[in-house]
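J.: Encoded as structure tokens, here's the structure I'll be asking about.
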Amino acid sequence: MGRLIFLLLLPIFVFASHVQSFKWKDGESFLTFLERKKLPLTLFYNLDEEDQKLTEDIPYNANCQMLISSKNSINQILIPINDELQLQIYLSPKKRYSMRVIPIVSETYKEVLYTQITSAPYDDILRTTGSKNLASTFVRMFKGRVNFKKDLKAGDPLVIVYEQKYRLGKPFSMPEVSGAMIEIAGKRYSLYRHKDGNIYDEKGAQFEKFIFKSPMRNARITSGFTKRRYHPVLHRYRAHLGVDYGARSGTPILATGDGRVSFVGTSRGYGKTTKIRHSNGLISLYAHQKSFKSGLSNGSSVKQGEVIGYVGSSGLSSGPHLHFGMYSGSTPIDPLSVMKKKTEGFSGKEYKVFVAIRSKLDQIFNEKLRTKPMKHRGNDFQDVYYVDKNTFKVEAF
Ligand SMILES: [Zn+2]
């Protein structure tokens, strides 16, 4: 009997195509990936400069999928570039590989996390949700306000209200936190996101200790940050994961904030590039440089406004300019969103709007604290889908 079942199952197992998930390796270039998978390198060389540069922004650990045919050949690969766009490599009916940039089909869910401290907020949030992005966002929000190392005790509660994007059934990209609280020795510390996108404390004072400055004097922005844009002439999806500043070759580039140099070197797309890791965890990137400031190396500490290099056109660049990027982990964010001026609190009508947002979030915090804290979410993200190469539609597989 056992043997009969084996024989019946075998053909299905052998001939069914299947989906393999894999993570993008840290430091892997798109070309070495193609080589490793024995895919034609023309997939890369046929891309135009903008798209070639995009391949350098594939976040490490990005969740990728590969559809393997019954004959064990690769039918389709999906590689997310950011939370809006992905690269799709697919086998055409003529059995040739093609590639294009297509939108990511995602769903956004509102979620509330309530857990209690057992060791440290970062570890507890990570253990409960599995999300490093959520854990680091929470810690960054409270940095400078609460000393987690000194004051926290086991059992102290924390609540986070946030929106999370899901792709192919799995959480991805940065969560958007709308409110968070933590109680330490019976004292509650809360933060709220106002309509303007900034984070405020209970009194409506803007809580952002870290303000970045423009990487250039007399800055002139020639191209802004966009995760997804449809080019009406090229009929293609594009992304620009930074801000371009037009400037003459040789113009000094300034550190946007205090920090430590985490990279000085050259890449194919971005050319001569410097990266600085800042104390709030964000990483700024300065690309297409003509030259680096002499003496600058990995680990050098820099002050806000300090010259770190000079504008040029190295890498894939059509003329002298600075490409300025900002990253949270490996996720690109709009540099201008962290270069806002500090506001002086709210007045009249605006304050009323804030009070409404605050009381709604306080209500969620209080409701949660009356329930049982989450221990572990469990794994319910096992569904597998693939994207139909003609319609972009996600289909159950
Ligand atoms: Zn650029």
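The values are calculated or read from the model by the stated rules, or taken from the named source; none is laboratory data. The structure displayed is predicted, hence computed values, not measured ones. Cβ coordinates were reconstructed from backbone atoms using ideal geometry, including for glycine residues, and neighbour counts include every protein chain displayed. Please note that ligands, DNA and RNA were not included when accessible areas were found on the heavy atoms of the full protein model with its side chains. Shrake-Rupley method; radii C 1.70, N 1.55, O 1.52, S 1.80 Å.
J.: Identify all residues within segment 253-270 that are in contact (Cβ under 8 Å) with a residue 40 or more places away in the chain, open to solvent by less than 50 Å² (accessible area, probe 1.4 Å) and assigned to a strand (DSSP E or B); write none if there are none.
T.: We begin by selecting, within segment 253-270, every residue in contact (Cβ under 8 Å) with a residue 40 or more places away in the chain; these are 253-261, 266-270.
Then drop every residue that is not open to solvent by less than 50 Å² (accessible area, probe 1.4 Å), which leaves 253-257, 259, 261, 267, 269-270.
Residues satisfying the conditions are 253, 254, 259, 261, 267.
J.: Here's another thing I want to ask about it. Of all residues in segment 284-315, which are under 15 Å from residue 260 (Cα atoms), within 16 Å of the ligand (Cβ to nearest atom) and touching a Lys or Arg at 6+ places or on another chain (Cβ under 6 Å)?
T.: Passing the criteria: 285, 309.
J.: Something else: If we keep just the residues of segment 222-257 that are of a type in the set (Phe, Trp, Tyr) and within 16 Å of the ligand (Cβ to nearest atom), which is modelled with the highest pLDDT?
T.: Quick first cut of segment 222-257, residues of a type in the set (Phe, Trp, Tyr) only: 225, 230, 237, 245.
Next cut, within 16 Å of the ligand (Cβ to nearest atom) only: 225, 245.
Values: 225: 93, 245: 96.
Step by step, filter segment 222-257, then rank; the result is 245.
J.: Restricting attention to segment 276-286, does a residue exist that is in a strand (DSSP E or B), more than 29 Å from residue 137 (Cα to Cα) and outside the structural domain of residue 88 (by TED's automatic domain parsing)?
T.: no
J.: Hey, among 113, 158, 87, which residue is open to solvent by less than 10 Å² (accessible area, probe 1.4 Å) and in the same structural domain as residue 45 (by TED's automatic domain parsing)?
T.: Numbers: 113 fails: in the same structural domain as residue 45 (by TED's automatic domain parsing); 158 fails: in the same structural domain as residue 45 (by TED's automatic domain parsing).
None of the others qualify; the one that does is 87.
J.: Oh, and also: Of the residues 318, 279, which is within 13 Å of the ligand (Cβ to nearest atom), open to solvent by 40 Å² or more (accessible area, probe 1.4 Å) and modelled with pLDDT under 95?
T.: Numbers: 279 fails: within 13 Å of the ligand (Cβ to nearest atom).
Being within 13 Å of the ligand (Cβ to nearest atom), open to solvent by 40 Å² or more (accessible area, probe 1.4 Å) and modelled with pLDDT under 95 holds for just one of 318, 279, which is 318.
J.: Can I ask one more? For segment 322-333, which positions are within 16 Å of the ligand (Cβ to nearest atom) and on the phi > 0 side of the Ramachandran plot? Before you say what the answer is, go through the steps one by one.
T.: Of segment 322-333, the ones within 16 Å of the ligand (Cβ to nearest atom) are 322-327, 332-333.
If the condition is that a residue be within 16 Å of the ligand (Cβ to nearest atom) and on the phi > 0 side of the Ramachandran plot, then no residue fits.
J.: Please find, among 54, 31, 67, 43, the residue that is within 16 Å of residue 88 (Cβ to Cβ), surrounded by 11 or more Cβ atoms within 10 Å (Cβ to Cβ), in the same structural domain as residue 99 (by TED's automatic domain parsing) and at pLDDT 90 or above. Step through it out loud before you land on a result.
T.: Values: 54 fails: at pLDDT 90 or above; 31 fails: within 16 Å of residue 88 (Cβ to Cβ); 67 fails: at pLDDT 90 or above.
Sole residue among the options that is within 16 Å of residue 88 (Cβ to Cβ), surrounded by 11 or more Cβ atoms within 10 Å (Cβ to Cβ), in the same structural domain as residue 99 (by TED's automatic domain parsing) and at pLDDT 90 or above: 43.
J.: In addition: Scan segment 291-333 residue by residue and report those that are touching a residue at least 40 places away in the same chain (Cβ under 8 Å) and polar (S, T, N, Q). Even if it seems obvious, please write down each step before you answer.
T.: Step one: filter segment 291-333 for residues touching a residue at least 40 places away in the same chain (Cβ under 8 Å), giving 300-318, 320-333.
Of everything in segment 291-333, those that are touching a residue at least 40 places away in the same chain (Cβ under 8 Å) and polar (S, T, N, Q) turn out to be 300, 301, 304, 313, 314, 317, 318, 328, 330, 331.
J.: Could you check how many residues of segment 337-380 are at pLDDT 90 or above, under 19 Å from residue 200 (Cα atoms) and hydrophobic (A, V, I, L, M, F, W, C)?
T.: 8
J.: Report yes if some residue within segment 199-221 is within 13 Å of the ligand (Cβ to nearest atom) and either among the hydrophobic types (A, V, I, L, M, F, W, C) or part of a strand (DSSP E or B) (or both); otherwise report no. I'd like the intermediate steps shown before the answer.
T.: Pass one, segment 199-221, residues within 13 Å of the ligand (Cβ to nearest atom): 215, 221.
Next cut, either among the hydrophobic types (A, V, I, L, M, F, W, C) or part of a strand (DSSP E or B) (or both) only: 221.
Checking segment 199-221: at least one residue is within 13 Å of the ligand (Cβ to nearest atom) and either among the hydrophobic types (A, V, I, L, M, F, W, C) or part of a strand (DSSP E or B) (or both).
J.: Name the single residue, out of those in segment 136-155 being among the hydrophobic types (A, V, I, L, M, F, W, C) and open to solvent by 20 Å² or more (accessible area, probe 1.4 Å), that is modelled with the lowest pLDDT. Show your work before the answer.
T.: Of all residues in segment 136-155, those among the hydrophobic types (A, V, I, L, M, F, W, C) come to 138-139, 141-142, 146, 148, 152, 154.
With open to solvent by 20 Å² or more (accessible area, probe 1.4 Å) added as a condition, the list becomes 139, 141, 148, 152, 154.
Details: 139: 91, 141: 88, 148: 80, 152: 83, 154: 88.
Only one residue tops the list, namely 148.
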